[in-house]
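To start, the structure itself, in structure tokens.
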Amino acid sequence: MFGYLAAAIVCAAAVLIVLLGPASFPSVPGLISLFAGSECGVSGGRLLGQKELSAHNGGPGSPGLYLAVLGLVFDVKKGSKHYGPGGSYSFFAGKDASRAYVTGDFTEKGLVDDLSELSPLGMLHLNNWLSFYRQNYDFVGKLVGRFYDKKGQPTKALEDALAVIDIGLKLKEQRIEENKQFPPCNVESSSGISRVWCSNRSGGIHRDWVGVPRKMYLAGSDGYRCVCVRTSGPPTEHPDSTEHRDRGDLDNPLLKEYEECNPLFDWCLLKE
């Protein structure tokens with residue numbers, strides 16, 4: 001999955017790299033190392049105005065069936081059962097409704113290309129969709145508007161979007177590493193009671209230890225999630241230490257015990 005998202009970001013960044021050149025990217029973290037390839041489908045194509053895109057809605061007399069994501073236009077005629085009139089995704093036809101791919105708001109108000117206030121991880125989800133269209137449908141060109149100007153040059157809105165995507169990728173990398181150290185607990189609920197427990201493969205993380213459940217508080221938030229914590233050996237931050245309390249990661253300051261549970265058990269029952 002990580003490779004899939006990374007490939008999507010490479011292709012999205014290719015839009016700017018091809019047109020502006022690598023020297024234009026020092027201010028966008030992580031994108032300076034990306035390279036454009038013809039397989040990304042961002043070179044060539046033509047410029048379309050919103051009026052022309054709107055006409056390609058697949059309806060009677062329509063010249064075709066197009067949609068746009070992040071200003072890139074794709075021919076989705078072969079998916080007409082989904083995007084054509086009466087299809088389950090027909091509301092995407094003839095427009096750039098990038099925001100709706102993240103929010104799930106398919107009303108007229110939500111089917112827009114305004115990406116302001118979307119989270120970095122939400123933007124990664126949008127890039128996932130962009131990669132899907134690039135791999136499965138024909139690239140037509142670029143939509144003049146929010147993401148491209150009349151000369152087909154990327155706008156600041158597109159640069160900002162790619163910068164947020166880059167942040168999202170870094171956060172995802174961070175979460176992957178974090179989950180290796182603190183795998184999510186297994187959870188099941190019934191009759192107002194939740195059971196959380198640890199095993200050597202809880203959270204989908206296979207390992208040679210089980211651990212105990214702990215609340216892990218998120219930086220800058222009052223929320224927490226249940227994680228499994230290693231109970232022996234040196235802390236992860238100092239794996240080669242010879243002077244430690246043989247408590248694994250139990251003393252990590254982000255962790256807190258479940259007060260109603262035995263701190264040494266690998267399971268805990270919680271009343272909802």
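The values are calculated or read from the model by the stated rules, or taken from the named source; none is laboratory data. What you are looking at is a predicted structure, and each value in this text was computed from that prediction instead of being measured. Glycine also receives a Cβ, built like all others from the backbone with ideal geometry; neighbour counts cover every protein chain displayed. The accessibility values were calculated without ligands, DNA or RNA, using every heavy atom of the protein model including side chains. Shrake-Rupley method; radii C 1.70, N 1.55, O 1.52, S 1.80 Å.
Numbers for the structure displayed
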read-out: Candidate set from the stretch 260-272 (those that are assigned to a loop (DSSP other than H, G, I, E, B) and crowded, with 16+ Cβ neighbours inside 10 Å); member that is modelled with the lowest pLDDT; value: Cys261
read-out: Residues of the stretch 117-156 classified as open to solvent by 30 Å² or more (accessible area, probe 1.4 Å) and over 18 Å from Leu48 (Cα atoms), total; value: 11
read-out: Selected residue (criterion: nearest to Arg46 (Cα to Cα)) from residues of the stretch 141-171 that are in contact with a Phe, Trp or Tyr (Cβ under 6 Å, 6 or more places away or on another chain) and aliphatic (A, V, I, L, M); value: Leu158
read-out: Residue tally, condition open to solvent by less than 80 Å² (accessible area, probe 1.4 Å), within 19 Å of Val210 (Cβ to Cβ) and not in a strand (DSSP E or B), over the stretch 179-199; value: 7
read-out: The stretch 157-174 - residue that is surrounded by fewer than 16 Cβ atoms within 10 Å (Cβ to Cβ) and touching a Leu at 6+ places or on another chain (Cβ under 9 Å) and, of those, nearest to Val69 (Cα to Cα); value: Asp160
read-out: Selection count where residues are in contact (Cβ under 8 Å) with a residue 12 or more places away in the chain and farther than 17 Å from Arg195 by Cβ, scope the stretch 235-263; value: 12
read-out: Residue among Leu48, Leu53, Leu65, Leu70 that alone is crowded, with 17+ Cβ neighbours inside 10 Å, under 17 Å from Asn136 (Cβ atoms), at pLDDT 95 or above and more than 25 Å from the chain's Cα centre (by Cα); value: Leu65
read-out: Test set (1) surrounded by 10 or more Cβ atoms within 10 Å (Cβ to Cβ); (2) at pLDDT below 90; (3) within 18 Å of Leu270 (Cα to Cα); (4) of a type outside the set (Ser, Thr, Tyr) - Cys228 fails condition number; value: (2)
read-out: Residues of the stretch 223-259 classified as closer than 19 Å to Ile205 by Cβ and either of a type in the set (A, V, I, L, M, F, W, C) or not in a loop (DSSP other than H, G, I, E, B) (or both), total; value: 9
read-out: Selection status of Ile176, of a type outside the set (S, T, N, Q), farther than 19 Å from Leu254 by Cα and not in a loop (DSSP other than H, G, I, E, B); value: no
read-out: Wholly within the stretch 46-132, helices (runs of 4 or more DSSP H) carrying at least 2 residues that are touching a residue at least 24 places away in the same chain (Cβ under 8 Å); value: 50-55, 98-103
read-out: One residue from Glu243, Glu237 being farther than 18 Å from Gln174 by Cα, open to solvent by 90 Å² or more (accessible area, probe 1.4 Å) and at pLDDT below 95; value: Glu243
